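Every number in this text was worked out from the coordinates using simple rules, so none of it is lab data. What you see is a predicted model; the values in this text were computed from it and never measured. Positions of Cβ are backbone-derived with ideal geometry, glycine not excepted, and every protein chain shown enters the neighbour counts.
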Amino acid sequence: MSAPTETALGLTESRSIGGRVAKAVTYALVLVVFAGPLLALLVGAFNHVKDPTQLSLIPSGATLDNFRTAFDQGVLKYLLNSFFVVGFGLLLQVAVSVLAGYALARKKFRGMTVVMVAILATLMLPEEILAIPLSLILADLPVVHFNLIGTLAGMIVPLGAWAFSILVMTEFMKDVPRELEEAARIDGAGDLRIFAQIILPMCKPALGVIGVFGFTMIWDQYLLPLLVATNSSSYTLPLALRTLRIDPSVTPGVVMAASLLALLPSVVVFLFFQRSFVQGLTSGALKG
């Protein structure tokens, strides 16, 4: 009988036949629990599914009829609305995060602690608490008195400042050596040049992290579009999925096809930014 080996957590791993069988069964159960729903979604999107209790993990009779019906229901328009919101929302969010992170990490000003506490406080408030105040503000923006209800801009503006992205950029910018900044100032560089040519290029891993998390957060938004949208022409895809699900004329296969379309962009973005995302998490772990 083989001697047990020690794992990275200090546990013992048996190399016996019984231990290997137990490990294989455990891995199979974990795979079914986590990958089973995704596989059922993928198979159901290409099958004729009329009863949600008849979902199967085994494909049979693949067809694109579900996607055709989904497009006939306006899913393509909702998908374009989602891309519009996430594109401009993420661009605004990244811009605000890097500028706010630079100010909090490299500058000292009165009330900085209060600002940090206020930013952290926004992470502790559920969206439901902010729903009514947010809808009132969007209906009458202070100073300019614009009404953003019923517009895609109303879904973009509230996404501009996200505490998570600001905190990530702040912590990364704090770790940039100040000697580099001092040397640049001796050479006559101003704040804007230091920010653009020294600080920001060294924070590329952090940009990957806030890009992936920011895209996922904006893409999955449900409550904000629900507050802003007044008709189906301004629906985003997550909001449209609810409409499709409660429509008695739409089969579960069509809903799964639309859900698959809603899932794919997040997967593609993660794969595209995977290297920067992993580098950002690893850098944060090493710095911690």
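Numbers for the structure displayed
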| read-out | value |
| --- | --- |
| Pairs of Lys in the chain closer than 26 Å at Cα, counting only those 8 or more apart or on different chains | 10 |
| Cβ-based charge dipole, the chain, positive-most Cα from ALA139, LEU207, TYR235 | LEU207 |
| Sum of side-chain charges, LEU241 neighbourhood, beta-carbon under 14 Å (Lys, Arg +1; Asp, Glu -1) | +1 |
| Reciprocal mean inverse distance between Cα atoms of the chain - Kirkwood radius, Å | 22.7 |
| Sites ALA62 and SER249 - FRET efficiency at Förster radius 22 Å, r taken between beta-carbons, to 0.05 | 0.45 |
| Among ASP65, ASP191, ASP247, residue whose mean-square fluctuation peaks in a GNM of the chain (springs only between Cα atoms under 10 Å) | ASP191 |
| About the Cα centre, charge dipole magnitude for the chain (Lys/Arg +1, Asp/Glu -1 at Cβ), debye | 380 |
| Label-point gap, in nm, between LEU80 and LEU125 - each point 7 angstrom along Cα→Cβ | 3.5 |
| Pairs of Cα atoms farther than 23 Å apart, the range 30-133, % | 61 |
| Highest-MSF residue in the chain out of GLY101, GLY190, GLY150 [GNM, Cα springs under 10 Å] | GLY190 |
| Within the chain, longest stretch clear of exposed chymotrypsin sites (Phe, Trp or Tyr not before Pro) (DSSP loop, no more than 16 other Cβ within 10 Å) | 1-108 |
| Label-to-label distance, nm, for residues given as LEU271 and ASP175 (7 Å Cα→Cβ offset) | 2.9 |
| Stretchable slack from LEU41 to ALA28, in nm (0.36 nm times residue separation minus alpha-carbon distance) | 2.8 nm |
